[in-house]
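The values are calculated or read from the model by the stated rules, or taken from the named source; none is laboratory data. Keep in mind that this is a model prediction, so the values were computed, not measured. For neighbour counting, all protein chains shown are included, and Cβ atoms are generated from backbone atoms with ideal geometry for every residue, glycine included. All accessible areas refer to the heavy atoms of the entire protein, side chains included, with ligands and DNA or RNA removed. Shrake-Rupley method; radii C 1.70, N 1.55, O 1.52, S 1.80 Å.
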Amino acid sequence: RINLAVENAISKFSAGHPEQTGPALAAGMKETAALLEQVDKSDLAADAKYNIHHELEIKRVQFNNALAEALGLSIAATVAPQIEPNPLMAMFMGDPETFRIAIPGQTFGVKVHVVNQSPATVELKKTSVEAVQQKQAWNIVQESSKSANLAGDEPIEARFKVTVPEDAAFTRPYFSRPNIEQSYYDIQDDRFLNRPLPPYPLTGWAEFSFDGVPIRIGQYVQTIKRITGEGAVPEPLAVGPAIGIAISPRAGIVPLDSKSFNVTTVVHSNVKGPAQGTVQLALPEDWKSEPTSANFGTSDDGQDQSVTFRVTPGARTQRPYKITAVGEYNGRRYTEGYEVTGYPTLRPYFLYKPATYKLSGVDVKVAPDLRVGYVMGSGDDVPSSLEHLGIQVTSLGPSDIATGDLHKFDAILFGVRAYAAREDLITYNSRILDYVHNGGVLIVQYNTPEYDHNYGPYPYVMGSNPEEVTDEASKVNILEPSNPVFNWPNKISEADFGGWVEERGSKWMKSWAPQYQALLETHDEDQEPQKGGLLYAKYGKGVYIYNAYAFYRELPEGVPGAYRIFANMISLPKNPER
C-alpha cells in the first residue's frame with residue numbers, strides 16, 4: 001500500500017502543479033505511520049523491530065519532505081536585526097546585516113517566516129524555536145504567532161525572544177587532538193559520533209497539517225552578512241566566547257643566547273558594543289615581559305586589537321617551554337581563540353586553538369647579518385620560522401626573479417613545490433643559476449616532478465613517482481660528516497634528527513650527476529636506502545642544494561635539531577670552511 005501511494009504520486013506529478021501529488025503522498029504517509037504503530041505493537045524480536053522501525057522512520061521522513069516540496073512549504077528562520085529596516089528599502093536591499101556570533105548571557109530576537117507557495121490549503125499549526133541537542137536550558141519566549149490556513153503565497157511571521165545560557169557550549173567540533181603527532185582524535189562529546197560536526201545551536205520549526213497528516217519543516221537560525229557583489233548572505237548562527245585570543249608565533253625556539261623576543265597577541269571581540277579588559281602572558285618561572293599586562297578596548301562586535309609583548313627569558317636550558325596568552329573580560333578568563341573554516345557553498349564552522357606558544361631552548365647559532373630572499377611556492381611557514389634565528393627574509397616576486405638584483409642576497413630559498421607554483425622560475429632559471437655561479441647559495445626545498453627537468457646546475461632524475469620517507473623516527477646516517485653543512489656554526493650529529501614530527505621528507509632524487517654530494521641517508525622499514533634527500537653541489541663560486549627533508553614541517557613545530565641544521569645551511573654564504 002505504501003508503494004502504491006508512491007506510484008500514484010508519480011502518475012499525478014506535474015512540474016507546473018506539483019501540489020497535485022499531495023493527496024497521494026499524504027496517503028503514503030498515513031500508511032507508513034500505521035505500519036510503524038503496528039511494528040511497535042508486534043511481538044517481533046527486539047533487533048528485527050529496531051531494524052524495521054529504522055527503515056520505516058526514514059520512509060516517513062521522505063514522505064514529510066516530499067509533501068513539503070510538493071506543497072511549496074518554506075521556512076526562513078533568521079536573527080532579527082536590532083532596528084527593523086524600512087519595508088521599501090528591504091525590498092531592494094534585502095535583509096539587513098546581523099551579528100554572527102551569539103555569546104553567553106546575550107538576549108536577541110529571532111524571526112520565523114513561513115510561506116505556502118501552492119494553491120492547496122495547508123493548516124499552519126505551530127511555529128517554534130528550539131535549542132539543538134544542548135545540555136544547557138535556553139530561555140526562548142514566543143512573542144507573536146498564530147495558527148492559520150495558508151494558501152497562495154500568503155506569509156506568516158512569528159517572533160521569539162532568545163537568551164543564551166551563561167554556560168552555553170560553543171559551536172565547535174566534538175573532537176580534537178593536542179598535536180599533529182597524535183594519530184587519533186579525543187572525543188569531547190560522544191552524542192555526535194555519527195555526525196561530521198555537532199549541529200548549530202538554534203533551529204526554527206513550522207508544523208502543518210494537510211489531508212490529516214502532520215508535516216514539519218525546519219531551518220537552522222541564520223545570521224545575515226552583506227558581501228559586495230553577492231548581497232545578503234545567510235550563515236547559521238553560532239555560539240562563541242565574548243572574546244577570543246590568539247598568539248603569534250604558535251611554536252618555535254629560543255636560542256640559548258637570545259636576549260629577548262617579541263610575542264604578539266590578538267584579542268577578537270564578540271561583545272555587542274564596547275568591551276574593555278586586560279591581556280597578559282603566563283610565562284615560565286623567572287621570565288619577564290614588557291609590559292607585564294596591557295589593557296585592550298574594542299568599540300563594537302567583530303573588532304580585533306593586537307598587543308605585542310617583549311619577552312625576556314630567564315635562565316634557560318635545552319628543554320620545552322610554554323607561554324600562554326590570557327585575556328580577562330567581565331570577570332572571566334579566556335585562553336583560546338578560533339578560526340572560521342569553510343568557503344562558499346560549504347557551511348562555515350569554527351576551529352578552536354589554545355593561545356599557547358610552545359618553544360624550546362636550543363643551542364643554535366647562525367651567521368650574522370644574513371640577507372636572505374625567499375621564493376614562496378605552494379605555501380609554507382619557513383620565512384616566519386627563520387625569525388626565531390633573527391633572520392628577516394625578503395619575499396621575491398616574479399619581477400624580482402625576472403629583472404631584480406639577486407646578487408644582493410647572501411642566500412635564496414625556494415619554498416615547497418616552487419617549480420609547480422611559479423612558472424617564472426622555469427622561464428628565468430638561467431638567471432638563478434648565474435646567481436649561484438657568481439657566489440650565491442640556493443636552497444631548493446622539496447619539489448614535485450614538475451622540477452624533474454634538470455633545472456639544477458648538473459643533471460639529476462627524480463622520476464614520476466619519487467620516494468618519500470614517512471617514519472619521522474627513521475635512522476639518519478650522515479654520509480659526509482666533513483661537509484660544511486654539518487660543521488659550522490653548529491656541530492651536527494645524528495641526535496639532531498631526533499624529535500622530528502609527521503615525516504622525514506618527500507620527493508627524494510632517484511639519481512644524480514657526480515658533482516652532487518649526497519649528504520644523508522635514511523629509509524622506512526623494507527625500503528631501499530634513500531640518499532637523494534639532501535644533495536649538495538658546488539657551482540662556480542656558489543653552492544646549490546636540493547633538500548627533500550621536511551624542514552617546512554619541522555621548523556613551524558619548533559623541532560630543535562631542524563633549526564640547527566637549517567641554520568647551518570642558511571649560514572653557508574659566510575662559512576669559513578666553504
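If you go through the range 466-498 and keep only what is touching a strand residue (DSSP E or B) at 6+ places or on another chain (Cβ under 9 Å), open to solvent by less than 40 Å² (accessible area, probe 1.4 Å) and part of a loop (DSSP other than H, G, I, E, B), you end up with Pro466, Ser474, Val476, Asn483, Ile492.
Taking the listed residues Phe175, Phe208, the one that is under 17 Å from Glu130 (Cβ atoms) and either open to solvent by less than 80 Å² (accessible area, probe 1.4 Å) or polar (S, T, N, Q) (or both) is Phe208, with no other qualifying. Yes or no: the range 35-53 includes at least one residue that is touching a residue at least 24 places away in the same chain (Cβ under 8 Å), surrounded by 20 or more Cβ atoms within 10 Å (Cβ to Cβ), under 29 Å from Leu150 (Cβ atoms) and not acidic (Asp, Glu). Within the range 35-53, not a single residue is touching a residue at least 24 places away in the same chain (Cβ under 8 Å), surrounded by 20 or more Cβ atoms within 10 Å (Cβ to Cβ), under 29 Å from Leu150 (Cβ atoms) and not acidic (Asp, Glu).
Of all residues in the range 227-246, those satisfying the criterion of being in a strand (DSSP E or B) and over 21 Å from Pro344 (Cβ atoms) are Val239, Ile243, Gly244, Ile245, Ala246.
Looking only at strands (runs of 3 or more DSSP E) that lie completely in the range 364-465, which have at least 1 residues being charged (D, E, K, R) and in contact (Cβ under 8 Å) with a residue 24 or more places away in the chain? Give the derivation first.
Values: elements: 372-375, 393-395, 411-414, 441-444.
Answer list for the range 364-465: none.
From the list Tyr329, Tyr343, Tyr321, Tyr334, the one residue that fits, being within 21 Å of the chain's Cα centre (by Cα) and either under 18 Å from Pro274 (Cα atoms) or surrounded by 12 or more Cβ atoms within 10 Å (Cβ to Cβ) (or both), is Tyr334. Scanning the range 442-476 for residues that are of a type in the set (A, V, I, L, M, F, W, C) and within 35 Å of the chain's Cα centre (by Cα) turns up Leu442, Ile443, Val444, Met462, Val469, Ala473, Val476.
State all residues of the range 267-319 that are hydrophobic (A, V, I, L, M, F, W, C) and in a loop (DSSP other than H, G, I, E, B); if no residue qualifies, say none.
If we filter the range 267-319 for residues that are hydrophobic (A, V, I, L, M, F, W, C), which is where we start, we get 267, 271, 275, 279, 281-283, 287, 294, 296, 307, 309, 311, 315.
Once the filter is applied, which keeps residues that are hydrophobic (A, V, I, L, M, F, W, C) and in a loop (DSSP other than H, G, I, E, B), the range 267-319 yields Val271, Leu283, Trp287, Ala315.
Taking into account only those residues within the range 507-535 that are in a strand (DSSP E or B) and open to solvent by less than 10 Å² (accessible area, probe 1.4 Å), which is farthest from Val559 (Cα to Cα)?
Step one: list which residues in the range 507-535 are in a strand (DSSP E or B), which gives 511-512, 516-518, 520-522, 530, 534-535.
From the residues that got through so far, the ones that are open to solvent by less than 10 Å² (accessible area, probe 1.4 Å) too are 520, 522, 534-535.
Working: Leu520: 18, Thr522: 18, Leu534: 18, Leu535: 22 Å.
If we take residues in the range 507-535 being in a strand (DSSP E or B) and open to solvent by less than 10 Å² (accessible area, probe 1.4 Å), then Leu535 is farthest from Val559 (Cα to Cα).
The set of residues in the range 99-110 that are modelled with pLDDT of 95 or more and of a type outside the set (Phe, Trp, Tyr) comprises Ile101, Ala102, Ile103, Pro104, Gly105, Gln106, Thr107, Gly109, Val110. Could you tell me which residue of the range 113-127 is nearest to Val221 (Cα to Cα), considering only residues that are outside any loop (DSSP other than H, G, I, E, B) and open to solvent by 10 Å² or more (accessible area, probe 1.4 Å)? My answer is His113. Name the residue that is least open to solvent (accessible area, probe 1.4 Å), counting only residues in the range 385-423 that are at pLDDT 95 or above and of a type in the set (S, T, N, Q). Once the filter is applied, the top-ranked residue is Ser385.
Taking the listed residues Ala70, Ala24, the one that is open to solvent by less than 20 Å² (accessible area, probe 1.4 Å) and touching an Asp or Glu at 6+ places or on another chain (Cβ under 7 Å) is Ala70, with no other qualifying. All conditions but one from (1) in contact (Cβ under 8 Å) with a residue 12 or more places away in the chain; (2) surrounded by fewer than 12 Cβ atoms within 10 Å (Cβ to Cβ) apply to Asn194; the one that does not is (1). Here Pro481 passes the criteria (1) in contact (Cβ under 8 Å) with a residue 60 or more places away in the chain; (2) closer than 24 Å to Glu577 by Cα except the one numbered (1).
When the range 111-139 is limited to residues that are basic (Lys, Arg) and closer than 30 Å to Val271 by Cα, the one that is modelled with the highest pLDDT turns out to be Lys111.
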